[in-house]
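Q: Sharing a structure, written as structure tokens. Questions coming.
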Number of protein chains: 2
Amino acid sequence: MTSSDASSPDSFDCVGLVNPGAMGSSIGAQLTRAGSRVVWAGEGRSTESHLRAGDAGLVDVESMQALVDEADLIISVCPPAAAVATASTIADLGFAGVYLDANAVSPATGRSVAALFNGSSTESGAIAIDGGIVGPPVSGPGSTRLYISGDAVAMGSIENLFESSNLEVRVVDGPAGAASAVKMCFAAWTKGTTALLLDICALADAEGVTDSLRGEWATSMPELSARADRSPAMVGAKAWRFEGEMHEIAASFAAHDLPDGFHLAAAEVYARLAELKGSRDTSLDEVVDLLSARV
Amino acid sequence: MTSSDASSPDSFDCVGLVNPGAMGSSIGAQLTRAGSRVVWAGEGRSTESHLRAGDAGLVDVESMQALVDEADLIISVCPPAAAVATASTIADLGFAGVYLDANAVSPATGRSVAALFNGSSTESGAIAIDGGIVGPPVSGPGSTRLYISGDAVAMGSIENLFESSNLEVRVVDGPAGAASAVKMCFAAWTKGTTALLLDICALADAEGVTDSLRGEWATSMPELSARADRSPAMVGAKAWRFEGEMHEIAASFAAHDLPDGFHLAAAEVYARLAELKGSRDTSLDEVVDLLSARV
């Protein structure tokens, strides 16, 4: 949408999705199943993206300009490091609708994205909503939540849009950046503790005390061994994109002069596992070898 | 014991305890209740230490020299930063028995302590056992475990000593440092995740999203809010001595070129809480204010 209508819409005629990865296409599918028109820009994208987009019922309008021209809501779901560049591209193409950044970025990055649309320099009339997704790609009811903060009317329209879907929308009371803060705090624990646990397994292995540590865990924290065993298959293939998210989390702490080293270390853990991209059934032994630089 | 008998003893006539803090005195009490003679050096120690030692049935031989002269087993339980200096003092006094370092130190520090006794430079005939304690001060059966590694005969005697006590002794297969490695790996998770959780609470507070984060935790990780609420009372008063332990854990990772930033950050968290020493019923609000440097 490139008109200069500055008021928030009551509903959306067309949703533009950037990009149909596993998460994005699962959100798009929720909308198309409810009858919404959802478009994406397939030009230059991978075969996997085209297949996922097709499965989700998304309409390929080919270029980003065509997407910007037609959509009155654009949802950005991309790796954290690409969030600002993606928003900037869309702002430069003259987008004048509601821009929902749903990426795992720091509150400060979320505010930077919002400023591209809400700032006086653009005068596009676009409205930015800050978002953060918690949970896996949308499947059944209760699987996944979208936190949003910003303009109340636009948020109301987004709530209406997903009302009958399996993506639960939760409004965060606060300015742009607040929804991202919820996401950062949540992932700080989940992805931070997983990285720590894998690092501990590598240390126990390096010291030759894995059996004794497992014995202690069996006594005092029986669930932890099982988590260590199942984590590699859960995070191995996705580690490559967790590194950037860990840096966004570290930046979130640093912005308030809070200790930020947990997630700088977690970024290092995931960076060492980056080559597992696309792998399946990654074992703990493989992860320990990669962390210990033995491969 | 200052004779130069280099063989491991089958049993111990007198145990020297350095020092009767909450953990040390709980271990001493297990031994005195079973009829063992346990001595400590009360010279220059605090009233609290004298009271705890008395309650535990420890005999005050006043000086460290008297303790070294009489004990054939010395158990060191002290803050991590004091472990090497304590061992060095005892080696210099000519101790020739079994020295059990039960402190929360890195494997490398544990090996440094062992070298003070087992090294050819001393020729004292003393035998060092590396140890690590997991759990709270000994109370009922199953509360607490002592991991040990090193000389097999001396470890057998230590196992016999605690056989009818509530302190469970577990032998770790490995050289000096292996028991400390188990302790480091265990505490890396427990104290590391607690520090992370408190840091996250401070971030949520700084961003004004505590309610939304608590709401998400209630949905997806219901036990985490309760842990956040109860952690301040559990760690506040002890945070001052966790800082050194976190540095020992970080050094344990760094020795194998594994990411060590989790525990450098945890050390910073506990350092900011150090002034809570001796406090009771510390609240999460107090902890968040201290972490945010708002007090």
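No value in this document is a laboratory result; all are computed from the given coordinates. None of the values given here were measured: they were computed from a predicted structure. Please note: Cβ atoms are built from the backbone with ideal geometry, for glycine as well, and neighbour counts cover all protein chains shown.
Q: If you restrict to DSSP beta bridges whose two residues both lie in the stretch B:14-174, what percentage is antiparallel, to the nearest 5?
A: If we restrict to bridges inside the stretch B:14-174, about 20 percent are antiparallel.
Q: Averaged over peptide A:217-229, how many Cβ atoms belonging to another chain are found within 10 Å of each residue's Cβ?
A: What the average comes to for A:217-229 is 2.
Q: What does the average come to when, for each residue of peptide A:132-141, you count the partner chain Cβ atoms lying within 10 Å of its Cβ?
A: Mean shielding by partner chains, rounded to a whole number: 1.
Q: Could you work out the mean count of beta carbons from other protein chains within 10 Å of each residue's beta carbon in B:187-200?
A: Whole-number average of other-chain Cβ neighbours for B:187-200 is 5.
Q: For a test of the definition: using alpha carbon positions, the gyration tensor, and the 1.5 limit on a/c, classify the stretch B:1-157 as rounded, prolate or oblate.
A: Rounded, because the longest to shortest axis ratio a/c is under 1.5.
Q: If you don't mind, there's one more thing I want to ask. Please give the FRET efficiency for A:ASP229 paired with A:ASP10, using the beta carbon to beta carbon distance and R0 = 45 Å, rounded to the nearest 0.05. Each step should come with its number before you reach the end.
A: Details: r = 50 Å, r/R0 = 1.11.
So the FRET efficiency works out to roughly 0.35.
Q: Send over the Kirkwood Rh of the stretch A:181-291, from the inverse of the averaged 1/r over different Cα pairs, rounded to one decimal Å.
A: The answer is 14.4 Å.
Q: If a helix is a whole DSSP H run, which ones in chain A reach 20 Å or further along their own axis (Cα) and hold a mean Kyte-Doolittle hydropathy of at least 0.5?
A: Once both thresholds are applied, what remains is A:178-207.
Q: Here is a follow-up. Looking down the axis that turns A into B, which residue of A has the closest beta carbon, and how many Å out?
A: A:GLY261, 2
Q: In Å, what Kirkwood hydrodynamic radius results for chain A from the alpha-carbon pair distances?
A: 20.1 Å
Q: List the distances, in nm and shortest first, from the label point of B:GLY278 to the matching label points in every other copy, placing each point 7 Å from Cα along the Cα-to-Cβ direction.
A: Computed spacing set for this position: 6.3 nm.
Q: Next question. Kindly identify the stretch A:7-66 as rounded, prolate or oblate by the Cα gyration tensor criterion: order the square roots of the eigenvalues as a ≥ b ≥ c, call it rounded if a/c is under 1.5, otherwise compare a/b with b/c, prolate if a/b is larger, else oblate. Before the final figure, lay out the partial values.
A: On the way: a/c = 2.23, a/b = 1.40, b/c = 1.60.
Oblate, since a/c reaches 1.5 and b/c is not below a/b.
Q: Next question, about the same structure. Taking the label point 7 Å from Cα in the Cβ direction, how far apart in nm is A:ALA152 from each other copy of itself, listed shortest first?
A: Here A:ALA152 shows inter-copy label distances of 7.7 nm.
Q: A follow-up question, please. Any idea what the B:GLY208 label distances to the other copies are, label 7 Å down the Cα→Cβ vector, nm, shortest first?
A: 5.7
Q: Additional query: Straight-line reach only, C-alpha to C-alpha below 29 angstrom: list the lysines that A:LYS191 could link to, leaving out same-chain residues fewer than 8 apart.
A: Leaving aside lysines fewer than 8 places away in the same chain, those within reach of A:LYS191 are A:LYS183, A:LYS238, A:LYS277, B:LYS183, B:LYS191, B:LYS238.
Q: Suppose the Debye formula is applied to equal point scatterers at every Cα of the protein assembly as shown; what is log10 I(q)/I(0) at q = 0.13 Å⁻¹?
A: Result of the Debye calculation: -1.23.
Q: Of all DSSP beta bridges in the protein assembly as shown, what percent run antiparallel (nearest 5)?
A: If we restrict to bridges inside the protein assembly as shown, about 20 percent are antiparallel.
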